[in-house]
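Let me begin by presenting the structure, written as structure tokens, before commenting on it.
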């Protein structure tokens, strides 16, 4: 290949009277000097112009010609300009001055020439009201011409009137016509017009003449450019003549001289202009005799150009249609008819910085070598020098960025001849082909993504343990994957083929819910997620979790529902075991406090409805500690078990209470040596006394424990619903007071709660009044207990815990006043203060430069029931300016499920704000796996009642283990509360619990002490 100079020409366009003419002249000059023009372009956009920032060929270019000023629709990025300057190659800007880099600028003296033309209208024709039409700010020329207009007005003592400035949509004839429409609409308040281009001038004259104005008698018009049609226009147009030929030739000459080592001191060369006076300004003008011939020739040429443009567009449409039919984009079909060599290079997808291009497609119609597919080319070396063909006369190499609003794919380089319609604006069909190429590459990329997704789905479908189903609503056919067959075979059933056969397999008790769930999803758009049972032909049952989503047609009607089905029978069994462990005493199997509370609530509702009383018997073993310490814990556990049996047998005995009362009675263990009995359908208090006395009598018999006759007795306290209270805490509290009175009176007896033992009631009343004043007196204070990562003991958060420093009582335990605050509703203002103070304190620590920690705040059921709770939280965060990610709200299970729909919506809304949600005291409520999956929680806190004895009680240990395993299966973290011993910590570590909180590491501390602890 022959040696040649490589000149890179950066320009928005290659067509039209301005860009096209300059390009042709540059190419002519290059052919004379054995130089090749490499044009570099990107998609030009008039609105929101995107700076060009690709260092194409910067290492192999000998010189640069730039037509991309900062006002251009294809401006160059400052970084690219600096890189071009750093390359050390000479740079010449055409038509504008570039001050940001060291270069030489070839410019038209727009300012002075416009000034002279406007002064001609003022001085020679007496105009004082002169309108100005600016074609487009994409050319710096337009800005300079407007400045010349202002200078002429100022020099003549004429004040600038903004109402005389009219903006054309472009520099073409139609832009001038539209400016004329604006002039007519605003009222013609001028006698002369200076248009920034000849085509604008011609367009405005056409519009004014349509409206009956005479040119120049009514309005004088002057243009700029001196295009060929200006002399033959009617009337002949007065204009400023600028030579595009001189502009292009001088630009090339200066660059070429610099490329050959010549030092040019001046940084700017101005191309002179000339005012050509014709009839449109009012001057006397005699057209030459060739004008008519010129007009006829122009008409013939215009017709031929139009026919050529139509032909080109027809050819382009055929290529476009062909490209859309192809499976993948073949860029040679788009370009090879007019360009004999080309290569498509795409960005390396592994390189996000877009430094290297990979050759993707190539062609040559003349047999020239082409770069190999897969060749990696740095962008600064593109196109690869060794593979560029010989570029003949009137040939040039065109480089185009393939990019649109949705993607950036790389570059195309093609070699071909200059289009015969290069001097006509918007006739560059090749530029349109580049745009179609970008769309085609985008289509290919989308197809590849779709194919990849389809392959992934096929793999997932064949390897997942879930069954995949697809229900066609129109045909009522259900299709299943292979795994689905295994699921249904587990209950000895085949795959259902339609909705009817599917519903026939659903357990009768669940069928209605399944149908309603599908209907709500289909017609209301609710999510399709549910758990239900499949019942096989042999009465075998299987729990499944079904989820799905729908495909809708253009009318919004569901046409298909696709989803998955999972066998969750094992999880349901685990859940059942966890539920039993959570609501029953592990040692005796009796209901625990939580289950008793639930049964009491049900019994109270029935008692209110059917007008009977309830009895609570609080039973505490006398001398149990002595027995336990003497014979050991195993003997103590065995005694507790035998006591439980005796209580059960006594209550179930027909000589104690009637059969109806037996069925509704509950014997529960509260913990330690305390038992509680709930009796229903009570009409007289004497019935409760009878039961209590019967129990005391039974305890007179010895218990045979480890080969010993062990004697113990019982102290029993009795309370009555509704006489002594209307809730669990009140009734058990009264029974507890009565039981202690029995112990005080000598043990082994029973005591009924009465007004004589009402001191606790008065105490509660007094405490409530003091509690109401505590906020006003600022008696509340927050302590903070750190939470630790179990693996490395790093502090990961802190929990804000309320303390009451009463002026009357001193420090009051939360266990004493929180239940009362809940009952009276005072928890709402108190909880608001706690949340605000915790957020304020945490933000203060962050502002002091301490490492941010998550602060956890307990939220009560009463707070969550407030309709404006979410807005309250938002307001507090706005006031304190605490980032949402540093706040965690803790709610108990019972709080979350009290009104599951409201809770779910509120918690989801809080979660979407970035606030973390944790379930506190887990294991004390009725939450199921299904509920937990629906709630936007991230952490489960195991209730300390399970942690306390788990190192000595295997049942508690089993519960903890099961909770951790279940939480991790749901991808939730687990925090253990109330950790006090190394043994407890080691068990939790073994079970892979995530976090712990407790006195083992730190008790709750005042704010300053907590900060010192965390820093230490």
remark   = At 25 °C in a medium of viscosity 0.890 mPa s, segment 336-402 has a Stokes-Einstein diffusion coefficient, with Rh taken as the Kirkwood radius over alpha carbon pairs, in µm² per second, of 193
inquiry  = Using the alpha carbons of segment 464-567, what is the convex hull volume per residue in cubic angstrom, as a whole number?
reply    = 88
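Which order results if 1010, 283 are arranged by neighbouring Cβ count within 10 Å, fewest first? Numbers along the way, then the final one.
Numbers: 1010 23, 283 16.
Lowest to highest Cβ neighbour count: 283, 1010.
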message = Could you order the peptides 402-408, 550-556, 836-842, 628-634 from most to least packed, using the average number of other C-beta atoms within 10 Å per residue?
response = 836-842, 402-408, 628-634, 550-556
request  = Calculate how many DSSP beta bridges within the chain are antiparallel, expressed in % of all such bridges and rounded to the nearest 5.
outcome  = 60
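What is the ratio of the Cα radius of gyration of segment 2-123 to 2.2 N^0.38 Å, where N is its residue count, to two decimals? Intermediate results must be reported in sequence, preceding the final value.
On the way: Rg = 16.0 Å, N = 122, 2.2 N^0.38 = 13.7 Å.
After normalising by residue count via 2.2 N^0.38 Å, the value is 1.17.
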query = Roughly what angle does helix 508-524 make with the longest principal axis of the chain, taking Cα atoms, 0 to 90 degrees, to the nearest 10?
reply = 30
ask   = Hey, fewest Cβ within 10 Å first, where do 411, 869 land in order?
value = 869, 411
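Could you rank the peptides 506-513, 20-27 by their average count of other C-beta atoms within 10 Å per residue, with the highest value first?
Working: 506-513: 13.8, 20-27: 22.4.
Ranking, from highest mean packing down: 20-27, 506-513.
Can you sort 105, 251, 813 from fewest to most other Cβ atoms within 10 Å of each residue's own Cβ? Provide the component values of the computation, followed by the final result.
Details: 105 22, 251 28, 813 9.
If I rank by nearby Cβ atoms, fewest first, I get 813, 105, 251.
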message = Using only the alpha-carbon atoms, how far is helix 593-610 inclined from the longest principal axis of the chain? Give it as 0 to 90 degrees, nearest 10.
response = 80
inquiry  = Nearest 10 degrees is fine. How inclined is helix 198-210 to the longest principal axis of the chain, computing both from alpha carbons?
reply    = 90
note = Per residue, the convex hull enclosing the alpha carbons of segment 588-757 has a volume in Å³ of 105
note = Dividing the surface of the Cα convex hull of the chain by four yields a projected area in nm² of 62.8
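None of the figures in this text is laboratory data; all of them are computed from the coordinates on show. The shown structure was predicted, so the numbers you read here are calculated from the model rather than taken from an experiment. Positions of Cβ are generated from backbone atoms using ideal geometry, with glycine treated the same way; all protein chains shown enter the neighbour counts.
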